[in-house]
Amino acid sequence: GLFAPLMLNEHDETIRCAGGEFHLGAVYKNQIFGVGEKDNGQFSEPFEVTYIPGASIFCRLEFLQQLGGFREDFFMYLEDTELCARVRKAGYEITVVPQAKVSHISRQESSISEEIEFHKLKNFFSLYLLHAPLNVLPEFVFRYGLWSLIKSLNNKPQLLRLLRAWYWTFRHSKALFEDRFKSPRSQRRLAQTT
């Protein structure tokens, strides 16, 4: 399936990511292994995970082509999680090989634009429609839809962002659900319309 090296922070050589696990339950959970730790050999042998970061994914080209590559409608955030979900759904393993190491060079932090925040949300909602167990979707929609909207009533930019992301998700929900039940090879790629 997919492989990843141990990812280190370039500025202090601490571990940025040693893979991780994600869970698409009623509450989203994502645990990244080794964050902030010094690399003291605690990850000595290859090990299986359910998540690796998109910044350092290795696989055979034919395998990535068979999966259809990254979804075109996932811009910048959660595209790696979505790909990992498809790999696992197809029955393949995702492995971290800690003997291989890469350095991640961080850019200067700047404020994240409204457009990026929108993509984060609509990708998150789409990830659930594509891969979460069907029985968690009602609670997910209540928690991250209705409840989040109510909590955002006093924050107009956040409220508008949520409404826009949910609108995009509902507008594309039929295609997302169709992709959910297709083989990875035949999945459609939605245009990046907003």
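The values are calculated or read from the model by the stated rules, or taken from the named source; none is laboratory data. Computed from a prediction, not measured in an experiment: that's the story for all the values here. Please note: Cβ atoms are built from the backbone with ideal geometry, for glycine as well, and neighbour counts cover all protein chains shown. Surface areas here come from the heavy atoms of the whole protein model, side chains and all, with no ligands, DNA or RNA. Shrake-Rupley method; radii C 1.70, N 1.55, O 1.52, S 1.80 Å.
Could you list, in sequence order, all residues of the range 46-74 that are assigned to a loop (DSSP other than H, G, I, E, B), touching a strand residue (DSSP E or B) at 6+ places or on another chain (Cβ under 9 Å) and open to solvent by 30 Å² or more (accessible area, probe 1.4 Å)? Talk me through it step by step, then tell me what you get.
Filtering the range 46-74 for residues assigned to a loop (DSSP other than H, G, I, E, B) gives 46, 50, 52-53, 57, 59-60, 68-74.
Then keep just the ones that are touching a strand residue (DSSP E or B) at 6+ places or on another chain (Cβ under 9 Å); that gives 46, 50, 52-53, 57, 59.
46, 57, 59, listed by residue number.
Looking at the range 26-35 only, could you name the residues that are assigned to a loop (DSSP other than H, G, I, E, B) and either of a type in the set (A, V, I, L, M, F, W, C) or modelled with pLDDT under 95 (or both)?
Correct list: 26, 27, 33, 35.
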**OP:** State all residues of the range 134-176 that are closer than 14 Å to residue 124 by Cα and open to solvent by 40 Å² or more (accessible area, probe 1.4 Å); if no residue qualifies, say none.
**Re:** 141, 143, 144, 161, 163, 164, 167, 170
Original post:
Would a scan of the range 101-121 turn up a residue that is open to solvent by 30 Å² or more (accessible area, probe 1.4 Å), within 27 Å of residue 6 (Cα to Cα), out of contact with any helix residue (DSSP H, G or I) (no Cβ under 8 Å at 6 or more places or on another chain) and in a strand (DSSP E or B)?
Top reply: yes
Subject >> Hey, residue 77 over 12 Å from the mean Cα position of the chain (by Cα), part of a loop (DSSP other than H, G, I, E, B), of a type in the set (Ser, Thr, Tyr) and surrounded by 14 or more Cβ atoms within 10 Å (Cβ to Cβ) or not >> reply: no
Subject >> Close pairs (8 angstrom Cβ cut-off, 6 or more residues apart or separate chains): more than 14 Å from residue 87 (Cα to Cα) and modelled with pLDDT under 85 in the range 169-191, aliphatic (A, V, I, L, M) and open to solvent by less than 70 Å² (accessible area, probe 1.4 Å) anywhere >> reply: 188/175; 190/175; 190/176
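Kindly indicate whether any position in the range 5-16 is open to solvent by 70 Å² or more (accessible area, probe 1.4 Å), assigned to a strand (DSSP E or B) and farther than 24 Å from residue 67 by Cβ.
Start the filter on the range 5-16 by keeping residues that are open to solvent by 70 Å² or more (accessible area, probe 1.4 Å), which leaves 10-11, 13, 16.
Pick out the ones that are also assigned to a strand (DSSP E or B) and you get 16.
If we keep only those that are farther than 24 Å from residue 67 by Cβ too, we end up with 16.
Yes - at least one qualifying residue is present in the range 5-16.
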**OP:** Sort out which residues of the range 24-45 are aromatic (Phe, Trp, Tyr) and either within 24 Å of residue 103 (Cβ to Cβ) or open to solvent by 60 Å² or more (accessible area, probe 1.4 Å) (or both), and write them in order of number.
**Re:** 33, 43
**OP:** Please work out if residue 61 is of a type in the set (A, V, I, L, M) and more than 17 Å from the chain's Cα centre (by Cα).
**Re:** yes
